[in-house]
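The values are calculated or read from the model by the stated rules, or taken from the named source; none is laboratory data. Here the structure is a predicted model, which is why all the values come from computation and not from measurement. Backbone-built Cβ (ideal geometry, glycine too); neighbour counts: all protein chains shown.
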Amino acid sequence: MVKSKLLRQRRQHEERCKRCAGCCYEKIIYRGRVYITDIPCQFLDLETRLCRVYSRRCHENPHCTVVDAAVIAAAVLPAQCAYVSGVRHYRPPRSWLELPARVRKKITGAITVPLEGSVRKK
Ligand code: SF4
């Protein structure tokens, strides 16, 4: 009974996702702000916009995580994300195109070791 309720809640939580893939791009933290890049996760299918390893994504990509309150608080989800719609005072990541070109170049060359950290989701 409890297990079926948890499964139902989990399914309802997952159903909120619009499958937009907006969160499936590398993010970096630069000077305390989260920026989202246009570098997709290696497991994102760019045609379908779906994760190719969704059921085992957190195993395949240790940076991937299930959306929860901590992820929302970390402000790594894009503005169009269904999970942050209606979250008051939410500050979505900025586009990394707002960063100086020299910083973007540095990041692109070292994306596996970002400047101050990286978070990936889904
Ligand atoms: S940004 Fe939000 S709605 Fe879009 S795929 Fe990611 S979790 Fe789902």
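Residues that are surrounded by fewer than 14 Cβ atoms within 10 Å (Cβ to Cβ), without any contact (Cβ under 8 Å) to a residue 60 or more places away in the chain and within 10 Å of the ligand (Cβ to nearest atom): does the stretch 16-32 have at least one?
Yes - at least one qualifying residue is present in the stretch 16-32.
Part of a strand (DSSP E or B), touching a Pro at 6+ places or on another chain (Cβ under 8 Å) and more than 19 Å from R10 (Cα to Cα): does that describe V34?
yes
Give me the residue from the stretch 75-104 that is surrounded by 12 or more Cβ atoms within 10 Å (Cβ to Cβ) and of a type in the set (D, E, K, R) and, out of that set, nearest to the ligand (Cβ to nearest atom).
Filtering the stretch 75-104 for residues that are surrounded by 12 or more Cβ atoms within 10 Å (Cβ to Cβ) and of a type in the set (D, E, K, R), the one nearest to the ligand (Cβ to nearest atom) comes out as R94.
Please pick out the residue among T37, T48 that is modelled with pLDDT of 90 or more and surrounded by fewer than 18 Cβ atoms within 10 Å (Cβ to Cβ).
It is T48.
Just the residues that are crowded, with 17+ Cβ neighbours inside 10 Å and either of a type in the set (F, W, Y) or farther than 20 Å from Q9 by Cβ (or both), please, taken from the stretch 54-74.
Those that are crowded, with 17+ Cβ neighbours inside 10 Å and either of a type in the set (F, W, Y) or farther than 20 Å from Q9 by Cβ (or both): N61, C64.
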